[in-house]
Amino acid sequence: MPITDADVIEVLRPVEDPELHRSIVDLGMVRGIAIDGPVVAIQIALTVAGCPLRNEIQNRVTNAIVALDGIDRVDLDFTVMTDEERAAIRELLHGDPASTAGTHQGHGHAEGRVIPFADPSSSTRVLLIASGKGGVGKSSITTNLSIALAQRGHKVAVVDADVWGFSIPRMLGVNHTPTIIDEMIVPPEAHGVRCISMGFFVEEDQPVIWRGPMLHKALEQFLTDVFWDEPDFLLVDLPPGTGDIALSLAQFLPRAELYVVTTPQPAAQKVAQRAAFMAEKVNIEVKGVIENMSWFTGDDGKRYELFGAGGGAELAERLDVRFVGQVPLVPALREGSDDGRPVVAVEPDSEAAVAIRALAEVIDLELAPTRRYNAELKLLG
């Protein structure tokens, strides 16, 4: 039987837009189809002009159609959606901002939109990754831990809330900026992890000189205007120490879990506990301590504790929380962070990658919340 337009639509239905993770058919991206013997000509409407993943979409569409019997070639023609079509996609995926507005006054594009992760019915686990001071490898831990959780089959996203020292996009190896669809921000993805960062909106070598209200507003928009698509885990890379950002996030994300990253040094341990005490004061649960740079394994196979030993375990004991684990000092971990080649992704059998995957397993399974909200369970009056 000859191939029909309906046959082409059916083979394209499983093909997803690589950013939105929805069928290109359901999104209305498939336009005119013309079949001439072994050749299918088709038009695809991209969400935005200059779509960074146009080639990926072309490959997915072509591979799906040539799988049909008797089809040898696919001729693709690209067009761009209208403003009205983009608005329809935004409403389909992200809703109407006005319909979810809270009682507080709107802020910028957020328009008072409810933060989904603060809702008791949200299934997303929010992990705040904190440190008392810089230089302990907090962002590197955040990056690799997010990938390790994604490798366990979870949908994972990262908010780079370290607005003065943003580094997550570089560490993840993200090679394009977010896509804006009718003021809905679609975060880029790498290694199965979506991320948003101030680094996408300012020059990398330029400082962010903002006061508290501006930072508060930016963080709110990261949580409301970005299409996160209900991730299983949302990791938030906090700035070192305590300050306005930590206080804002405590307000925005009251259900969050805080993990403190430290090194074995007693000095780092004492500074790190301040971040934990701050979290407790604003009613954020401190769940665990992660010790980074715990040892270095020499060519002779021996472990050398360059920064001392026991600091992480002591801090966990003092805070009465779980000592999640230790990560060794490995050159590949630092080099991968600089080059956008996370060690968990590119050297999965390395000592550091194995240690970080162990952290992910503990957080995923052993430190999972024991109580879950169920919207179907209600008290009868």
Quick check on the stretch 201-208. Is at least one of its residues modelled with pLDDT under 80 and over 27 Å from Gly336 (Cα atoms)? no
Looking only at the stretch 130-184, count every residue that is over 22 Å from Ser350 (Cα atoms), charged (D, E, K, R) and crowded, with 24+ Cβ neighbours inside 10 Å and tell me the total. 2
Spot the failing condition for Thr100; the list is (1) outside the structural domain of Glu361 (by TED's automatic domain parsing); (2) at pLDDT 90 or above; (3) of a type in the set (Val, Ile, Thr), and only one is missed. (2)
Looking at the stretch 1-34, which of the residues that are without any contact (Cβ under 8 Å) to a residue 60 or more places away in the chain and small (Gly, Ala, Ser) is surrounded by the fewest Cβ atoms within 10 Å (Cβ to Cβ)? Ala6
Could you go through the stretch 128-142 and let me know if any residue there is closer than 20 Å to Glu19 by Cβ, among the hydroxyl-bearing types (Ser, Thr, Tyr) and at pLDDT 95 or above. no
Those residues of the stretch 243-259 which are within 20 Å of Gly311 (Cα to Cα) and modelled with pLDDT under 95 amount to Leu258
Test of understanding: among Arg372, Arg318, Arg322, which residue is surrounded by fewer than 20 Cβ atoms within 10 Å (Cβ to Cβ), at pLDDT 95 or above and within 27 Å of Val126 (Cβ to Cβ)? Arg322
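The values are calculated or read from the model by the stated rules, or taken from the named source; none is laboratory data. As the structure is a computational prediction, the values presented were derived from the model and not from experiment. All Cβ positions, glycine included, derive from the backbone under ideal geometry; neighbour counts span all protein chains shown.
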